[in-house]
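Data block below; observations after.
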Amino acid sequence: MNMKQWLQAEYLPISLIALMALTRFHHFGDVLHLPDASLAVFFFAGFYRKKAFFIFLLLLAGLIDYVAISNGTSGWCVSPAYVFLIPAYAVMWVAGRYCSQFKLLNAYELASSIGLMTLAASISFLISNGSFYLLSGRYTDLSWAQYFARVAKYYPLHVGSTMIYGLAIYLIIKLFKSIPDVQATHKEI
């Protein structure tokens, strides 16, 4: 089974849904909670290539946010800019969809996927944070320079947590891909 077949298998959506549900309540994480994995989830959902799954994940993200805010999590990030999470997540999904063409997960393909994931996470950050700055109404007296100085501290967390999840998922994929080879070698001995 090559990587594309494994990623398009029926159980991939379940693991991605579970990962989002377990991590989305606390966007940056803390001692007791993992950081939000939503960007990595949307990236790997692109491998699954089903547009209905993308829409389902968008609805799930909104539902999780609603439940979290209803139960005491801060609603600071919910503003008219919230709708711009759709293109921010779409960037990740399209990048994952492009990377689904890679079948071997060799060094070149892995480096290409990681590079594209980093670029997509950076664009996603610009979309979500830029729209929040422009549309939230919370930064009326803040210049662009001041805004960039304030949000620069969030960029490494935003992209870094996505990359950690992405690398972990690729490692798991590589492990699953190697199991048949290990079994074949074991039978020969």
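The values are calculated or read from the model by the stated rules, or taken from the named source; none is laboratory data. None of the values given here were measured: they were computed from a predicted structure. Glycine gets a Cβ as well: all are built from the backbone with ideal geometry, and neighbour counts include every protein chain shown. Calculation scope for accessible area: heavy atoms of the full protein, side chains included, ligands and nucleic acids excluded. Shrake-Rupley method; radii C 1.70, N 1.55, O 1.52, S 1.80 Å.
Going by what's in this entry, would Phe56 be described as out of contact with any His (no Cβ under 8 Å at 6 or more places or on another chain), open to solvent by 60 Å² or more (accessible area, probe 1.4 Å) and either under 18 Å from Pro87 (Cα atoms) or at pLDDT 90 or above (or both)? For Phe56, the condition - out of contact with any His (no Cβ under 8 Å at 6 or more places or on another chain), open to solvent by 60 Å² or more (accessible area, probe 1.4 Å) and either under 18 Å from Pro87 (Cα atoms) or at pLDDT 90 or above (or both) - is met. Scanning the range 80-117 for residues that are of a type in the set (S, T, N, Q), crowded, with 16+ Cβ neighbours inside 10 Å and in a helix (DSSP H, G or I) returns a single hit, Ser113.
Quick check on Arg49: is it of a type in the set (Lys, Arg), in contact with a Ser or Thr (Cβ under 7 Å, 6 or more places away or on another chain), more than 20 Å from Thr23 (Cα to Cα) and surrounded by 15 or more Cβ atoms within 10 Å (Cβ to Cβ)? Taking the combined requirement at face value, the residue satisfies it. Can you confirm whether Ala168 is under 14 Å from the mean Cα position of the chain (by Cα), under 21 Å from His33 (Cβ atoms) and open to solvent by 30 Å² or more (accessible area, probe 1.4 Å)? So Ala168 fits the description; yes.
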